[in-house]
Amino acid sequence: MVRTRRWKIKMGAAFVLASMCAASVATAGDSAKKEASEDMKWGYKAARRGYWQEALVRFQHANELTPDQPRILNNIAVAQEANGRYEEALLTYQTGLSIAPGDRALQRNYVRFQEFYSSFVAPPPEIEETEDEGAEDAASQ
């Protein structure tokens with residue numbers, strides 16, 4: 001009987017300890033979500049004012065706290081794009097779409113970015129000289 005009672009006490013203590021650990025993890029998760037939400041809010045404010053570097057830092061911090069959220073990845077990509085970090089923006093859009101292929105905001109911004117990016121990275125078209133232009137250049141020398 002003493003042995004059973006000790007076992008119950010140990011199991012009760014283990015249960016209480018496990019409950020406390022679970023509560024602290026849940027509290028830490030809630031705290032991270034709240035902090036990420038604050039970073040997103042400040043990131044939006046910075047972006048509206050044109051402070052894209054500050055917005056990027058805020059969005060990246062929110063992503064560190066709550067990773068792989070499509071909305072956050074979309075905002076990071078937009079901020080990277082605004083800061084001229086096009087290759088990073090491309091990768092961030094693609095990462096976001098691999099996580100949430102049906103996210104409309106990501107899809108819309110990615111399509112717009114692709115249109116810009118393809119014209120940005122494409123080499124300028126070569127201009128062919130006509131025979132008359134070549135002759136004029138030679139005559140002027």
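All of the numbers you see were taken from the coordinates with simple rules; none came from a lab. In this text, all values refer to a predicted model and were calculated from it rather than measured experimentally. Please note: Cβ atoms are built from the backbone with ideal geometry, for glycine as well, and neighbour counts cover all protein chains shown.
So if we plug the beta-carbon distance of ARG71 and VAL121 into 1/(1 + (r/R0)^6) with R0 = 22 Å, what FRET efficiency do we get, rounded to 0.05?
FRET efficiency, ARG71 to VAL121: 0.25.
Could you sort 76-84, 90-98 so that the peptide with the highest average Cβ count within 10 Å comes first and the rest follow in order?
For the peptides 76-84, 90-98, the packing ranking is 76-84, 90-98.
Would you please classify the overall shape of segment 24-114 from the alpha carbon gyration tensor, given that a ≥ b ≥ c denote the square roots of the eigenvalues, rounded means a/c under 1.5, and beyond that prolate means a/b larger than b/c while oblate covers the rest? Present the calculation step by step, with values, prior to reporting the outcome.
Working: a/c = 2.32, a/b = 1.36, b/c = 1.70.
Oblate is the answer for segment 24-114, as a/c is 1.5 or above yet b/c matches or exceeds a/b.
Would you mind calculating the relative contact order of segment 31-129 from Cα pairs under 8 angstrom and at least 6 residues apart, reporting the percent as a whole number? Please report the intermediate quantities before stating the final value.
Working: 99 pairs, mean separation 19.8, N = 99.
Computed value for segment 31-129: 20 percent relative contact order.
Can you tell me the order of 32-42, 54-64 when each peptide is scored by its average per-residue count of other Cβ atoms within 10 angstrom, highest first?
Listed from highest to lowest mean packing, they are 54-64, 32-42.
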